[in-house]
Amino acid sequence: MKPLFQERICGVVAAATAREMLAQLGLALKRTRTIELRLDWLRHEGELVLFLGWLGKHRPRATLIATCRRREAGGKFRGDLATQLAILRLAVACGCTRVDIEVESAERFPGGTLQRLLGDAGTLISFHDFNRTPSSARLRALARRLGQCEGDAIKIATQCPSLRDAVRVLATCRGRRNVVAVPMGEAAQPARVLALAHGSALAYAAAGEKTAPGQLTLEEMKRLYHADTLDRRTRIYGVIGDPVAHSLSPVMHNTGFQARGMNAVYLPFLVRGLGDFLEAIEPLGIAGFSVTLPHKERILRHLDGCDPLAAAIGAVNTVVVRGRGKLYGYNTDYVGVLRVIERRLPLRGSRVLLVGAGGAARAVAFALAQGGAVVCVCSRRAARAKALARSVRGELVERRRLAREFFDAIVNCTPVGMHPRVKDSPLAARELNARIVFDLIYRPRQTRLLQLAEQRGIETISGVEMFLAQGAAQWEIWNGMRAPEKVMRKAVMKALRDEDVRK
């Protein structure tokens, strides 16, 4: 059977003016040869005529999909059915070889009429629900309804507040070659990457402005995740947390996989409830995952086994999925702390203040105590701080004492100052009385806390150092081989520099 699309990752071109559409089209053509043209985004008829005029004259060598989605189906086009069809026919005359038309419009044409009106263009009959995902039974019925419109392929795109919903959408592809499955929403973003591996005929990515919730860019889909090379044998890893969009773990781990030529991918999972994620492990084929805020301690009750050190710490940041879905936990934050601090400070006898008492703080506290440091804990959650200090035979320090105390090092173990609240600091400048200030946050690389410390002439350590060290340890636990640390570091540092340039 001849494929409907030249490439399975489709770049979406959507803008208000012909000039912007053409600029996006140029960028998209550098990444893919299948491109959707959202004609309904053009702000008026004049821009539409300009854009299609250029298209008809230059005719790029690509599979171009014309879309003029009406407002009733989540698009921007306000005209009637006849005008919509006229625009699509003009787009076909100007070089578009495929047309995406929503089922609400397609059903208004008697059998075979739509295909005759559109000539030789292939048709993609689509359904969109930006509010929810129907039940599995309704999705099957919906697929049958779309198929009755006699198009070349069908598309089902629904809002997925959970991974459970996303898995149901991906299941619509099973055993069929002409179904496009699009799980929408931030929680479903990993499923967008995995859609092609699960059999979807197409996956969408933005060439410019994003047109649907959770949509990724072409750069991310092609360069970061290599979504068009994934298959059912791909080993799936990821990071679970809330928030998780800021994480550079995908950059670090995917670079490592690619450097070693492995069929593996690492994805960000926005997880608010652990139950939803845990149910998705088997259907998505997840082999292991990183754990970040707020789940480092919560995950413990769901494990089938745990490394003794991680159990003693009471927090896990790394999980391996073994046979029959058994979960085993580890803590590599501990390793990261030791690798970073021991290069700067002889731990034995040093007095180190931890700000915070959560999962990250527990790993830092145990690492420092194991190295012989005197651990002091300060947190707004007094009971937790007291319990942590007691567990490492340390000292509880009240916030009001900090301006009068001196420490060999201060370590921020809280999320205060993390992207996007980059102007916040967990401590004031007058409270920074130490030789070294270490912030576990790595994005931004230079947090407000570190800026305040430098202004006082204090040596600083960015969280990127611990991030890289614990990440390499995770990679080695999952893969049983040495991590390519140099290329992983290079990729992370480049991403941080690029972010600084964009600011």
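The values are calculated or read from the model by the stated rules, or taken from the named source; none is laboratory data. Predicted, not measured: the structure shown is a model, and the values here were computed from it. Because the Cβ atoms are built from the backbone with ideal geometry, glycine has one as well, and the counts that use them run over all protein chains shown.
Before moving on, here are some points about what is shown:
- Which listed residue, of A157, A166, A106, A93, is in contact (Cβ under 8 Å) with a residue 12 or more places away in the chain, surrounded by fewer than 17 Cβ atoms within 10 Å (Cβ to Cβ) and touching a Gly at 6+ places or on another chain (Cβ under 9 Å): A93
- Residues in region 129-154 that are touching a strand residue (DSSP E or B) at 6+ places or on another chain (Cβ under 7 Å), farther than 19 Å from P110 by Cα and either among the hydroxyl-bearing types (S, T, Y) or buried (at least 21 other Cβ atoms within 10 Å of the Cβ) (or both): T133 alone.
- The criterion of at least 2 residues that are modelled with pLDDT of 95 or more and within 22 Å of V437 (Cα to Cα) is met, among strands (runs of 3 or more DSSP E) falling completely within region 313-392, by 351-355, 374-378.
- The set of residues in region 377-392 that are out of contact with any strand residue (DSSP E or B) (no Cβ under 6 Å at 6 or more places or on another chain) and surrounded by 15 or more Cβ atoms within 10 Å (Cβ to Cβ) comprises S379, R384, A387, S391.
Conditions (1) over 24 Å from I125 (Cβ atoms); (2) in a strand (DSSP E or B); (3) polar (S, T, N, Q), marked per residue:
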residue: A16; (1), (2), (3): yes, no, no
residue: I35; (1), (2), (3): no, yes, no
residue: E47; (1), (2), (3): yes, no, no
residue: W54; (1), (2), (3): yes, no, no
residue: E72; (1), (2), (3): no, no, no
residue: Q84; (1), (2), (3): no, no, yes
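- Exclusive hit being more than 24 Å from G256 (Cβ to Cβ) and in contact with a strand residue (DSSP E or B) (Cβ under 8 Å, 6 or more places away or on another chain), set V411, V422: V411
- Condition met for T34 (in contact with a Ser or Thr (Cβ under 8 Å, 6 or more places away or on another chain), among the β-branched types (V, I, T) and assigned by TED's automatic domain parsing to the domain that holds A181): yes
- Criterion violated by R192 - all others in (1) surrounded by fewer than 23 Cβ atoms within 10 Å (Cβ to Cβ); (2) without any contact (Cβ under 8 Å) to a residue 40 or more places away in the chain; (3) not β-branched (V, I, T) satisfied: (1)
- Qualifying residue in region 30-47 (condition: of a type in the set (D, E) and surrounded by fewer than 19 Cβ atoms within 10 Å (Cβ to Cβ)): yes
- Complete set of residues in region 226-261 that are over 22 Å from T32 (Cα atoms), buried (at least 17 other Cβ atoms within 10 Å of the Cβ) and among the small types (G, A, S): G238, G241, S247, S249, G256
- Restricting attention to region 118-142, the residues being more than 23 Å from T83 (Cα to Cα) and out of contact with any Phe, Trp or Tyr (no Cβ under 9 Å at 6 or more places or on another chain) number 13.
- Residues that are at pLDDT 95 or above and basic (K, R) within region 174-222 comprise R192, K222, listed in sequence order.
- Residue check for A157: touching a strand residue (DSSP E or B) at 6+ places or on another chain (Cβ under 6 Å), assigned to a helix (DSSP H, G or I) and modelled with pLDDT of 95 or more: no
- Region 454-464, residues that are hydrophobic (A, V, I, L, M, F, W, C) and either in contact with a His (Cβ under 6 Å, 6 or more places away or on another chain) or under 19 Å from H419 (Cβ atoms) (or both): I461, V464
- For L267, the conditions (1) surrounded by fewer than 21 Cβ atoms within 10 Å (Cβ to Cβ); (2) under 18 Å from R223 (Cβ atoms) all hold with the exception of (1).
- Positions within region 197-243 being assigned to a helix (DSSP H, G or I) and either among the acidic types (D, E) or on the phi > 0 side of the Ramachandran plot (or both), in sequence order: E219, E220, D228
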